[in-house]
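Please read the structure below before turning to the comments.
The values are calculated or read from the model by the stated rules, or taken from the named source; none is laboratory data. All figures in this text were calculated on a predicted structure; none of them were measured in a lab. All Cβ positions, even for glycine, are placed from backbone atoms using ideal geometry, and neighbour counts span all protein chains on display. What goes into the accessible areas is simple: the full protein's heavy atoms, side chains included, and nothing from ligands, DNA or RNA. Shrake-Rupley method; radii C 1.70, N 1.55, O 1.52, S 1.80 Å.
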Protein chains: 2
Amino acid sequence: MSAITVLGFPDYAEPSQRLGSALGARHALVDVHRFPDEESRITLPPALAGHLVFCRSLDRPNDKLIELLLAARSARDSGAATLTLVAPYLCYMRQDIAFHPGEAVSQRIIGRMLADMFDNVITVDPHLHRIARLDDVLPARNALALSAAPLLGDFLCEHVPGALLLGPDAESRQWVGAIAESHGFDFGVCIKVRSGDRNVTVELPAVDCSRRNVVLVDDMASTGCTLAAAAAQCLARGAKSVDVLVVHGLFFGDAVDQLRQSGIGRIWSTDSIPHSTSVMPLAAMLAAAVRRLDEGAMAARPIGNAEQEDR
Amino acid sequence: MSAITVLGFPDYAEPSQRLGSALGARHALVDVHRFPDEESRITLPPALAGHLVFCRSLDRPNDKLIELLLAARSARDSGAATLTLVAPYLCYMRQDIAFHPGEAVSQRIIGRMLADMFDNVITVDPHLHRIARLDDVLPARNALALSAAPLLGDFLCEHVPGALLLGPDAESRQWVGAIAESHGFDFGVCIKVRSGDRNVTVELPAVDCSRRNVVLVDDMASTGCTLAAAAAQCLARGAKSVDVLVVHGLFFGDAVDQLRQSGIGRIWSTDSIPHSTSVMPLAAMLAAAVRRLDEGAMAARPIGNAEQEDR
């Protein structure tokens with residue numbers, strides 16, 4: 001394994017430290033200063049060389065994308081041999097087509113921007129629906145989409161054995177189905193109709209919720225509207241409990257309060273986005289992926305694709 | 001002249017409309033939507049072709065840079081022949097060297113980003129100090145740095161004839177000196193020592209302020225600390241009045257209140273950044289530059305450089 005340095009950011013110091021420890025690698029922080037004019041100043045730590053792994057999720061992304069650009073270009077100009085981005089939560093993956101004429105397909109544009117900046121990009125469960133492979137939109141040397149599904153399955157076996165898993169929308173079917181089948185859970189998938197950023201209606205599937213411990217499982221929770229609507233209906237149909245388990249806990253504004261008010265009990269997420277609900281560290285999984293990249297093991301085998309098919 | 005469309009943004013609609021009118025060109029707005037997760041959705045207006053001129057200043061820049069990237073790439077993919085950015089206020093022009101080891105030289109990195117997005121970039125009085133030419137850091141086909149100095153000189157002749165012009169720091173010498181000499185004003189330059197984002201001390205030059213109408217002239221006003229400190233000293237030395245004239249009125253937070261409290265009377269700026277103080281429209285000057293670019297007149301003559309030397 002070549003000399004790896006994991007570079008974190010002040011707002012993502014703990015997950016990046018965990019990645020550094022899991023890799024047995026040096027960890028250092030990039031300094032970020034915001035001037036009064038809202039420009040960012042980026043200062044790299046001293047003595048960087050070899051394989052640099054920038055670790056930062058890209059929720060609330062615009063400032064972070066510009067800061068990553070400054071950091072990555074500066075590291076490249078200083079002679080770093082390999083630049084890897086580990087962004088457990090990747091941004092702009094939802095706009096994969098022009099839903100209306102004239103809309104910029106941000107998924108492809110931001111994917112290309114990241115591919116121009118980094119040799120390798122590693123993420124976890126990006127919100128890919130109409131495209132099959134991450135490297136279709138993120139043409140880096142290696143673009144790896146890992147899946148946290150096995151981690152979530154193990155967590156559920158331990159904490160809610162016998163749960164009924166519910167995916168909140170059709171897009172979650174394949175993903176919730178895979179967890180349910182590999183770990184022996186019942187599952188169903190709701191039908192969601194969205195009429196605005198915060199307006200959704202949810203229709204439960206034809207599964208009997210009564211006296212069941214329901215867990216709503218999704219790749220991400222943002223406003224929480226969908227999850228809250230689904231939970232209220234489960235409880236109305238006699239569910240014993242409703243918990244929430246997500247990979248990416250964005251939880252905007254009063255999302256957690258809304259979830260509580262709808263009767264949801266426990267809320268769990270990975271540490272993809274640091275939050276009071278983050279109980280599942282991704283470090284071991286991310287470290288294994290960095291190590292495989294670093295050892296060049298993917299040269300013969302398209303890891304990005306294989307990971308994608310696991311989902 | 002080819003078919004030009006000027007594209008404005010909702011937060012920059014008036015200056016871009018003025019540019020469209022000055023050019024006699026079609027004007028349309030790019031739609032910008034911010035999702036709850038703080039990602040931006042960009043929608044271009046219909047039927048775009050030919051020469052597209054995006055018009056938006058880049059103060060508070062990070063969101064705007066990402067939105068410009070989405071808009072420009074999308075326009076390019078839709079087949080626009082030529083993309084020009086008119087950004088009267090350009091961002092990230094102040095970090096032109098690493099002041100401390102490890103600092104990213106954002107001027108060059110953002111310059112290259114903009115050059116990758118646009119064929120031409122037009123700006124007004126960018127904050128260039130240690131480099132001579134805009135196209136050294138912004139390697140677009142054409143990178144034009146126009147100077148608002150003649151406009152400011154004319155404005156001063158009309159509104160404060162006989163004024164004593166003061167530049168707030170050594171960096172403003174060349175620029176304030178040029179206005180003073182071309183328009184027949186007395187002038188001096190202060191010495192500024194900065195010890196933090198909002199901590200500055202200012203030493204007045206050896207010029208007699210007493211009973212003079214002083215105008216503090218600068219390329220930009222951000223926190224207003226420097227201008228307020230200079231004004232207080234001018235008044236203490238018996239100045240009859242102190243006004244402020246800047247190209248780029250960023251005026252963060254309570255900057256205008258601070259200026260008023262220091263005894264400053266009138267505050268004027270161009271419409272580079274829309275503000276209650278914006279009294280000097282740049283549209284005619286910007287339109288002339290777009291027209292010259294569009295006619296390809298600059299092919300034989302390096303306009304960028306010539307403009308720079310006018311400063």
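Do we have B:Ser182 as out of contact with any helix residue (DSSP H, G or I) (no Cβ under 9 Å at 6 or more places or on another chain), under 25 Å from B:Leu128 (Cα atoms) and open to solvent by 20 Å² or more (accessible area, probe 1.4 Å) here? Criteria not met by B:Ser182. Quick check on the stretch A:267-284. Is at least one of its residues under 30 Å from A:Arg141 (Cα atoms), part of a helix (DSSP H, G or I) and either at pLDDT 95 or above or of a type outside the set (Val, Ile, Thr) (or both)? Yes, that holds for at least one residue.
Is at least one residue of the stretch A:132-145 within 14 Å of chain B (Cβ to nearest Cβ), open to solvent by less than 60 Å² (accessible area, probe 1.4 Å) and among the aliphatic types (A, V, I, L, M)? So far as the stretch A:132-145 goes, yes, one or more of its residues are within 14 Å of chain B (Cβ to nearest Cβ), open to solvent by less than 60 Å² (accessible area, probe 1.4 Å) and among the aliphatic types (A, V, I, L, M). Restricting the stretch A:182-196 to residues that are more than 23 Å from A:Ser210 (Cβ to Cβ) and not hydrophobic (A, V, I, L, M, F, W, C) leaves a set whose member that is modelled with the highest pLDDT is A:Ser182. Evaluating B:Tyr92 against the criteria (1) under 21 Å from the mean Cα position of the chain (by Cα); (2) modelled with pLDDT under 95; (3) of a type outside the set (D, E, K, R) leaves one unmet condition, (2). Considering A:Gly102, A:Gly111, A:Gly79, the condition of being under 19 Å from A:Ile42 (Cβ atoms) and small (Gly, Ala, Ser) is satisfied by A:Gly79 alone.
Looking at the stretch B:240-253, which of the residues that are out of contact with any Ser or Thr (no Cβ under 7 Å at 6 or more places or on another chain) and either of a type in the set (A, V, I, L, M, F, W, C) or closer than 16 Å to B:Ile273 by Cα (or both) is surrounded by the fewest Cβ atoms within 10 Å (Cβ to Cβ)? Filtering first and then ranking leaves B:Gly253. Only one entry of A:Ala239, A:Ala221, A:Ala228 meets the criterion of being among the hydrophobic types (A, V, I, L, M, F, W, C) and modelled with pLDDT of 95 or more, and that entry is A:Ala239.
What are the residues in the stretch B:157-179 that are within 23 Å of B:Ser57 (Cβ to Cβ) and open to solvent by less than 10 Å² (accessible area, probe 1.4 Å), if any? B:Gly167, B:Pro168, B:Ser172, B:Val176, B:Ile179, listed by residue number. Scanning the stretch B:121-131 for residues being farther than 24 Å from B:Gly296 by Cβ and either more than 11 Å from chain A (Cβ to nearest Cβ) or open to solvent by less than 10 Å² (accessible area, probe 1.4 Å) (or both) gives a total of 5. Meeting the requirement of 1 or more residues that are open to solvent by 50 Å² or more (accessible area, probe 1.4 Å) and more than 9 Å from chain B (Cβ to nearest Cβ), the helices (runs of 4 or more DSSP H) wholly within the stretch A:4-120 are A:13-23, A:61-77. The selection criterion, being touching a strand residue (DSSP E or B) at 6+ places or on another chain (Cβ under 6 Å), closer than 19 Å to B:Val160 by Cβ and open to solvent by less than 20 Å² (accessible area, probe 1.4 Å), does not hold for B:Val207.
The single condition among (1) within 29 Å of A:Thr223 (Cα to Cα); (2) touching a residue at least 12 places away in the same chain (Cβ under 8 Å) that B:Pro36 does not meet is (2).
Reported count of residues in the stretch B:22-47, each being of a type in the set (Gly, Ala, Ser), within 22 Å of B:Leu90 (Cα to Cα) and touching a strand residue (DSSP E or B) at 6+ places or on another chain (Cβ under 8 Å), is 2. Among the criteria (1) in contact (Cβ under 8 Å) with a residue 12 or more places away in the chain; (2) more than 21 Å from A:Asp257 (Cβ to Cβ); (3) not acidic (Asp, Glu), the one A:Ser195 does not fulfil is (1). For the stretch A:192-202, the count of residues that are under 23 Å from the mean Cα position of the chain (by Cα), under 15 Å from A:Val247 (Cβ atoms) and open to solvent by 60 Å² or more (accessible area, probe 1.4 Å) is zero. Against the conditions (1) part of a strand (DSSP E or B); (2) open to solvent by 20 Å² or more (accessible area, probe 1.4 Å); (3) of a type outside the set (S, T, N, Q), A:Leu235 satisfies every one except (1).
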